[in-house]
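Here's the structure we're looking at; comments come further down.
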Amino acid sequence: MQLKDSLSLAFRTVRSNKLRTGITVAIIAFGIMALIGIITAIASMNQSLSENFATMGANSFSIQYRDLQIRMGGGGRQVKKTDTRALKEKKSNERKIITYQEARLFKERYNFPARVSISIPGPQNIIVMTDEIKTNPNISMTGGDENYLIQNGYSLAGGRNINKLDVESGRSVCILGNSVAQKLYGDNTLKALDQTIKADGIKYRVIGVLKDKGSSAFFNADNIVLTSYNNIRRLFPTDGISYNIGIMVNDITEMDAAIAEAKGTFRPIRKLAIDEANNFYIDKSDSIAEVFKSALGSIGLAAAFIGAITLLGAAIGLMNIMLVAVNERTREIGLIKAIGGKSRSIRAQFLFESIFISLLGAVLGIILGVVIGNVVGLLLHTGFVVPWLWMFIGIVVCSLVGLFAGLYPAIKAAKLDPIVALRYE
C-alpha cells in the first residue's frame, strides 16, 4: 500500500464517521478557539492602547504623586509598574498628593525648554445639557491650562483654546469633546460655539470644540468637558485630589535631561531632604501603556492554560476513539494483512486519521478564534488582527496531539495477527 493510498483511505474513513469525528473536532476546536480568540483580543487591546497613549507623544512625560496601579477584575490582584519602590515610599511621605501650590511652583521654576501643563480631574460621570437635550451620565470634567490640549494630543475643530486669563480668573468657559458636542448639537458640532450649556448643573460658555480623537474599551477621549483648573478649584470640592503635571519637551533626544531637571526642580518643592527618596513618580506615555499590556499578558497565560487543558482532554478522547476504531476494523485489518498489506501501512493509516481529525479541529478553532477576537477589535476600533505566530503554534500543537493520540492505537492495529483478526467477531 503506497503513501497516497494510506492518506486516501484515512480521509475516507474520517469522512464516513461524521458523528464521532465531529465530536472530537469540536473538542479540539474549542481549546484552540479559546487560545486564539483571547490572544487575538489581547493583540487588539494592545494595539488600541498603543494608539491611545501614542497621541500623548513620545516626547511627553508626567509627574504624579504615586505610581500607576491597575486592578484587573473585581477583586483580582493589583498590578503595579514596580514593587521595588514600596519601602522607599514609606520613608518619604507615601501618597502625599501634589497640591495646587506645588504644581504652580513647579511650572514657575522649571526652566528647561519644554511646555508644562497643570491639570486636575473634575467631577466624573456627569450630565451635560442644553435647554433641549442632555447627554448620558458618562461625561468627565477636567481642569487644565493653555498647554493641556497639546500635551494630551487634542486639537480644536473650531473656537479657541483656554488662555492664561481664563486660567487665572477661573471663569466658567469650557471646551467640549467631540462626542459631547455631537450629542448636544448634532453633526454640525461648531453650532456649540458661544452657546451656554450646563455641566453638572453649572452654566458654562462654550469657547471651543475638539476634533474627534476616538475611543477604545479603556478610554473615551471625546466624552470630556475641559475647563481651567482654577474653575474646578472654585466650583467643585478638590480636597484630597492631586494635581497632575505634564511636560512636553521640544526635542525627544532631550527627554532624559528633561526628566532629570524635573526631578531636581520638584524635590525642593516637595521639601525632600538629600537622603530621602522621591515621593513622586515620572510616567512616560509608553511606559503607562506597557503596564496595561503586562496586565493583559496574564490573561494570555490563562488562555494558554485553558487551551492546554482542553487539548489534553481532546487527546485522551481522540485516543479512545481511535482505539474503538481499531476494534471495529479488526477484520478489515486482518484482511489487509492477508492480501499482503504491511504493518507500517496500517500504522500510517491510523496515524493519518488521528492527525486529520486533530488538524480539522485546529483549522475550525483558528477560524472561530480569529473571528471572535476581531469582534473585540471592532469594538476597540482597531484594525484586523491576525496572530500568525499563534496560528502556526496551534497547528503544530494540534498535529502533535493527533500524532501522540493516534500512536498507541496505530501500533496496536499494526501488531494484530492476521489470522486472529480475520476470526474476530
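Read the figures in this text as sums done on the coordinates, not as results from a lab. Here the structure is a predicted model, which means the values were calculated and not measured. Cβ placement follows ideal geometry from the backbone for every residue including glycine, while neighbour counts extend to all protein chains displayed.
Tabulated data
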item	result
Rg/Rh ratio calculated on Cα atoms of the range 136-279 (Kirkwood radius)	1.03
Selected from ASN152, GLN195, PRO268, residue furthest toward positive end of dipole (the range 97-269; charges at beta carbon)	GLN195
Distance between the range 22-37 and the range 332-386 - C-alpha centres, whole angstrom	10
Exposure proxy ranking, count of Cβ atoms within 10 Å, fewest first, for ILE118, ILE357, ILE367	ILE367, ILE118, ILE357
Taking SER62, SER345 and counting other C-beta atoms within 10 Å, the order from fewest to most	SER345, SER62
Unit charges on C-beta of K, R, D, E only; dipole of the range 97-269, Debye	320
Cβ-based exposure ranking for LEU193, LEU311, in which fewest neighbours within 10 Å come first	LEU193, LEU311
Relative contact order (%) - the range 97-269, alpha-carbon pairs under 8 angstrom, separation at least six	32
Coarse-grained scattering of the range 114-177 at q = 0.21, 0.28 Å⁻¹, given as base-10 log I(q)/I(0) from a Debye sum over alpha-carbon atoms	-1.01, -1.35
Note, ³J(HN,Hα) from phi for the range 155-165, Karplus 6.51, -1.76, 1.60, rounded to Hz, x at Gly and Pro	9, 7, 7, x, x, 10, 7, 5, 10, 5, 5
Under Karplus coefficients 6.51, -1.76 and 1.60, residue-wise ³J(HN,Hα) of the range 314-329 in Hz, glycine/proline x	5, 5, 5, x, 5, 4, 4, 5, 5, 5, 4, 4, 4, 4, 5, 10
